[in-house]
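Data block below; observations after.
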Amino acid sequence: MMKKGVISIVFLFMFLLSSPQLLAQEINWIGIESLEAAQAKEPRKVIIDVYTSWCGWCKKMDATTFIDTKLVAYLDENYYCVKLDGEEKDLIKYKGKEFKFVNTGRRGYNEIAYALLNGKMSYPSLVVLNENLDILQIFPGYKSAKDLLPIVTFLGEDIFKNKNWEDYIKESKSEK
């Protein structure tokens with residue numbers, strides 16, 4: 001009886017260790033107010049995850065997309081990753097400006113989220129910035145890791161400067 005209990009515990013422990021959630025890497029998220037200092041030390045592209053605490057698709061991206069080992073490794077090596085609550089009530093200082101919470105509608109929003117999303121408030125949204133902190137692209141809605149990895153590669157490696165998206169995707173698929 002004791003032997004079966006020990007074996008069961010060993011198998012349970014092995015199962016838990018092999019669980020993808022437990023083995024998943026985590027993105028090294030930074031706050032938007034730390035971005036300029038990081039950029040001054042080592043310029044990189046930036047991806048900003050604009051989310052809210054109540055957004056189900058935002059939580060799904062955290063639980064699935066942002067734990068994918070290939071995506072996490074690529075982002076951590078090539079991007080600064082920023083989490084930004086679109087409804088942040090605290091004052092945010094960024095690029096010499098102050099962004100406040102605007103109490104309007106059902107929930108309100110922070111002015112920085114409004115500025116980054118060009119007034120099109122949608123959660124989740126991903127905003128990709130270049131090394132000069134200029135917006136390259138805005139992606140509203142949920143993205144799986146499978147969908148997001150080619151996007152961040154296309155933008156992160158400046159492929160977009162010499163090739164259009166459709167050609168890039170065709171070539172990527174033919175290489176597999």
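Mind checking the alpha-carbon convex hull of region 23-174 and giving the volume per residue in Å³?
118 Å³
Residues with beta-carbon under 15 Å from that of Leu91, excluding Leu91: net charge, scoring Lys, Arg +1 and Asp, Glu -1? Let's see the in-between values first.
Values: positive: Lys89, Lys93, Lys95, Lys97, Lys100; negative: Glu33, Asp85, Glu87, Glu88, Asp90, Glu98, Glu111.
Summing Lys/Arg as +1 and Asp/Glu as -1 gives -2.
Each value in this text was obtained by applying a stated rule to the coordinates, not by laboratory testing. Remember, it's a predicted structure, so these values are computed and weren't measured experimentally. Neighbour counts are summed over all protein chains in view; Cβ atoms, including those assigned to glycine, are modelled from backbone coordinates with ideal geometry.
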